[in-house]
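**Q** There's a structure below that I have some questions on.
The values are calculated or read from the model by the stated rules, or taken from the named source; none is laboratory data. Nothing here was measured: the structure is a model prediction, and the numbers come from that model. For neighbour counting, all protein chains shown are included, and Cβ atoms are generated from backbone atoms with ideal geometry for every residue, glycine included.
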Amino acid sequence: MRHPLVMGNWKLNGSTKMVKELIRNLRNKLNSVSGCNVAIAPPALYLAQAKQALTGSKIALGAQDVDVNLSGAFTGYTSAEMLKDIGAKYIIIGHSDHRTYHKESDEFIAKKFAVLKSQGLTPVLCIGESKEENSTGKTKQVCTHQIDAVLNTLGASAFENSVIAYEPIWAIGTGKSATPTQAQAVHKYIRYHLAKQDSAIAEQVIIQYGGSVTTSNAAELFSQPDIDGALVGGASLKADDFATIINAAVTAKKTVYLS
Ligand code: 13P
């Protein structure tokens, strides 16, 4: 049975004060949560502070990106070895911000996936289509290509203990989430696509939804059988909202996974 994962992607938001306060508030609110894995991904500069602040809590540390190289003359980058060293576990790769602003290709992102696996870290592979691709019916085609870049180089086994985050680009930061039915259809397809290679791997892989997840739409999204949690942007910056979303996952999955 899959264990849901709700992860906060803080993006380019934070300060020493904010990290301290937000983590303190999250710890208070999530002290007794069970039935859902929780992670936060602060900016790289605050990972050490966040790790310290999370000591003794069940909230895992995540990060927002990794370089393909482990060390060397690569100015300004963060390596998988460093992320492992600092105690980060879930590492976001292929976010649309990187695909768009850094022109990262599916093949380059597959290399990031490989370097994370080599260090025993958990990739959170973001995939998803643009508005235009969506409106021209290319959603499955785009997601397939993004997943195949990893499947064809590393094989289906790479998805053991890995996470896929389906984040339609048109839903990110727009307040316009995919409907639960729309998202479920894509999640189901992603699992089916992996199952063609290895059904056991497909069954265990966590597929998060991301894109304008809020306290209002979380419960309904999580009620879908193939939506195993969320990658949350804006709403993860408010402890109350993030905790409400996590509790919605706990409640929904108690019934969905058992039914
Ligand atoms: P929002 O929840 O702010 O739409 O961001 C989603 C996202 O990009 C998470 O990685």
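**Q** Which of (1) surrounded by fewer than 19 Cβ atoms within 10 Å (Cβ to Cβ); (2) among the hydroxyl-bearing types (Ser, Thr, Tyr); (3) in contact (Cβ under 8 Å) with a residue 24 or more places away in the chain is the odd one out, the single condition THR78 does not satisfy?
**A** It is condition (1) that THR78 fails.
**Q** Which one of ASN13, ASN25, ASN9, ASN31 is at negative phi, of a type in the set (S, T, N, Q) and in contact with a strand residue (DSSP E or B) (Cβ under 6 Å, 6 or more places away or on another chain)?
**A** ASN9
**Q** Here's something else I'd like to know. Enumerate the pairs (first residue in region 195-215 and under 19 Å from GLU129 (Cβ atoms); second residue anywhere and more than 12 Å from the ligand (Cβ to nearest atom) and assigned to a helix (DSSP H, G or I)) with beta-carbon separation below 8 Å, excluding pairs fewer than 6 apart on the same chain, so at least 6 apart or on different chains.
**A** Final answer for the pair search is ILE207/HIS187; ILE207/ILE190; ILE207/ARG191; TYR209/ALA183; TYR209/HIS187.
**Q** Can you pull out every residue in region 209-259 that is at pLDDT below 95 and surrounded by fewer than 20 Cβ atoms within 10 Å (Cβ to Cβ)?
**A** LYS254, THR255, VAL256, TYR257, LEU258, SER259 - these are the residues of region 209-259 that are at pLDDT below 95 and surrounded by fewer than 20 Cβ atoms within 10 Å (Cβ to Cβ).
**Q** Take the residues in region 203-248 that are more than 16 Å from LEU5 (Cβ to Cβ) and out of contact with any helix residue (DSSP H, G or I) (no Cβ under 6 Å at 6 or more places or on another chain), then tell me which one is nearest to the ligand (Cβ to nearest atom).
**A** Result: GLY234.
**Q** Please give the number of the condition LEU5 fails out of (1) surrounded by 14 or more Cβ atoms within 10 Å (Cβ to Cβ); (2) over 21 Å from the mean Cα position of the chain (by Cα).
**A** Status for LEU5: all satisfied but (2).
**Q** Does at least one position in region 84-97 carry a residue that is touching a Ser or Thr at 6+ places or on another chain (Cβ under 7 Å) and without any contact (Cβ under 8 Å) to a residue 24 or more places away in the chain?
**A** No, region 84-97 contains no residue that is touching a Ser or Thr at 6+ places or on another chain (Cβ under 7 Å) and without any contact (Cβ under 8 Å) to a residue 24 or more places away in the chain.
**Q** I need the full set of residues from region 152-188 which are closer than 20 Å to GLN141 by Cβ, within 16 Å of the ligand (Cβ to nearest atom), of a type in the set (Val, Ile, Thr) and outside any loop (DSSP other than H, G, I, E, B), in order please.
**A** Within region 152-188, ILE164, ILE169, VAL186 qualify.
**Q** Is there a residue in region 43-51 that is assigned to a loop (DSSP other than H, G, I, E, B) and in contact with a His (Cβ under 7 Å, 6 or more places away or on another chain)?
**A** Among the residues of region 43-51, not one is assigned to a loop (DSSP other than H, G, I, E, B) and in contact with a His (Cβ under 7 Å, 6 or more places away or on another chain), which makes the answer no.
**Q** Shifting gears a bit: Among (1) within 24 Å of ALA80 (Cα to Cα); (2) surrounded by fewer than 20 Cβ atoms within 10 Å (Cβ to Cβ); (3) away from the ligand (no atom under 16 Å from the Cβ), there is one condition THR122 misses while meeting the rest; what is its number?
**A** THR122 satisfies every listed condition except (3).
**Q** Follow-up question, since we're still on this one. List the residue pairs whose Cβ atoms are under 8 Å apart, where the first residue sits in region 217-236 and is hydrophobic (A, V, I, L, M, F, W, C), the second is more than 10 Å from the ligand (Cβ to nearest atom) and part of a strand (DSSP E or B), and the two are 6 or more positions apart or on different chains.
**A** PHE222/GLY229; ILE227/ILE207; ALA230/VAL6; VAL232/VAL6
**Q** Can I ask one more? Does region 56-79 include one or more residues that are assigned to a helix (DSSP H, G or I), modelled with pLDDT of 95 or more and more than 21 Å from ILE246 (Cβ to Cβ)?
**A** no
**Q** Just to be sure, is ASP67 in contact (Cβ under 8 Å) with a residue 40 or more places away in the chain, over 15 Å from the mean Cα position of the chain (by Cα) and away from the ligand (no atom under 16 Å from the Cβ)?
**A** For ASP67, the condition - in contact (Cβ under 8 Å) with a residue 40 or more places away in the chain, over 15 Å from the mean Cα position of the chain (by Cα) and away from the ligand (no atom under 16 Å from the Cβ) - is met.
**Q** Right, next: Could you give every pair whose Cβ atoms fall below 6 Å, whose first residue belongs to region 157-180 and is among the acidic types (Asp, Glu), and whose second residue is surrounded by 24 or more Cβ atoms within 10 Å (Cβ to Cβ) and part of a loop (DSSP other than H, G, I, E, B), counting only separations of at least 6 or pairs across chains?
**A** GLU167/GLY128; GLU167/GLY211
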